Amino acid sequence: MWSIGELAEQAGATVKTVRFYSDHGLLPEASRSTGGHRRYAPAALDRLRLIRSLRTLDLPLPAVRRILGPAVGDPADPDAVDDGALEDAVAGHLRELGSQMAALRWREAALLLVKDCAPAERADRLRLVGAITTPPDTTAIARFWRRWLPPRLPSHVAAAVLEHAVPDPPHDPTPDQVLAFARLHAFVTGDCAGDSLARCQPAAHRPDEGYQAALVYDGLVGAYALAAPHLLARRPPQPGEALDSFVDAYARARATRDTPAFRRALHAQLVADPRVDHYWREVAVLRTPASGPPPPTPGAAHDWLTRSLAADSGLSAA
């Protein structure tokens, strides 16, 4: 049997450390001396080393207790651990560290954004980046789209729109991407929010225009997907399957046929709709990979299809 001091010396720890783990039930003593001093079996040394290894990984005491489980102080197997508890604790700690590292990368990029800009721009950039959290939260952007979309959209349609419209913040952002996200956050919480929200909505949202908005959005998701390869290939606006799908979404939503007259009327309506081009430009910046072009945004697809409609109808694209 070892005294608490002998165990601490064998482990290269302090008496205070050994007493701390003993008091928390992680390292029970084997017995007490006649003078009431703690005595430890040799197996306690391996148990103490295991505890210190787990703590070196920054695992909290409750997690260490769960990992050691019922085998705490078992002299027959001092290295016994609960594998399931260990896996859960490691996975949870990795998630926490990932979030902390993402926050540090965003802070670094934000600092570079302020450091490398012209002095006249610094106050504005500080205001923008100071309004977002690190790592950033997309709750405000998603809330904007839920309020901006027409009411009573089927859940699967609304989910598809949100998936394409709300950008995932990059894990390792550039300063430009930090600025883009900050500008998006400022837009959805200011310029086009609150009482002015209706002014940003297209005609397909308005009941007096006769559209079934659910049919419009359900069809647009497919039309944008068909337009994406054309945008990636940098093809000019043109008639074809993507344009037909685009027009059909609006025609079905009005319970009418796709005719030349309908196409001309639709083009006039689309070019008169409010535009949020700056929103989609910032989304494109956020979705730009380290190499290669960004995937087309719904805004870019909509613009390309509107121009295709103009070309097909012999109209001005403006």
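Quick look at the values:
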quantity	calculated
Residue that is modelled with the lowest pLDDT, among those in the range 126-153 that are among the polar types (S, T, N, Q) and farther than 14 Å from PRO175 by Cα	THR133
Residue list for the range 269-318, restricted to those being free of Cβ contacts under 8 Å to residues at least 12 places away in the same chain and among the small types (Gly, Ala, Ser)	ALA290, SER291, GLY292, GLY314, SER316
Top-ranked residue in the range 1-55 [being in a helix (DSSP H, G or I) and small (Gly, Ala, Ser); ranked as most open to solvent (accessible area, probe 1.4 Å)]	SER53
Looking only at the range 60-85, and only at residues there that are surrounded by 13 or more Cβ atoms within 10 Å (Cβ to Cβ), over 35 Å from the mean Cα position of the chain (by Cα) and not in a loop (DSSP other than H, G, I, E, B), the one that is modelled with the lowest pLDDT	ALA71
The range 124-178 - residue that is acidic (Asp, Glu) and part of a loop (DSSP other than H, G, I, E, B) and, of those, most open to solvent (accessible area, probe 1.4 Å)	ASP168
Condition met for THR34 (of a type outside the set (Asp, Glu) and in contact with a helix residue (DSSP H, G or I) (Cβ under 9 Å, 6 or more places away or on another chain))	no
Residue ID - farthest from LEU305 (Cα to Cα), chosen from residues in the range 189-221 that are at pLDDT 90 or above and in contact with a Phe, Trp or Tyr (Cβ under 9 Å, 6 or more places away or on another chain)	LEU215
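The values are calculated or read from the model by the stated rules, or taken from the named source; none is laboratory data. Please read all numbers here as calculations on a predicted model, not as lab measurements. Every residue, glycine as well, gets a Cβ built from its backbone with ideal geometry; the counts of neighbours run over all protein chains shown. These accessible areas exclude ligands, DNA and RNA; they are computed on the full protein's heavy atoms, side chains included. Shrake-Rupley method; radii C 1.70, N 1.55, O 1.52, S 1.80 Å.
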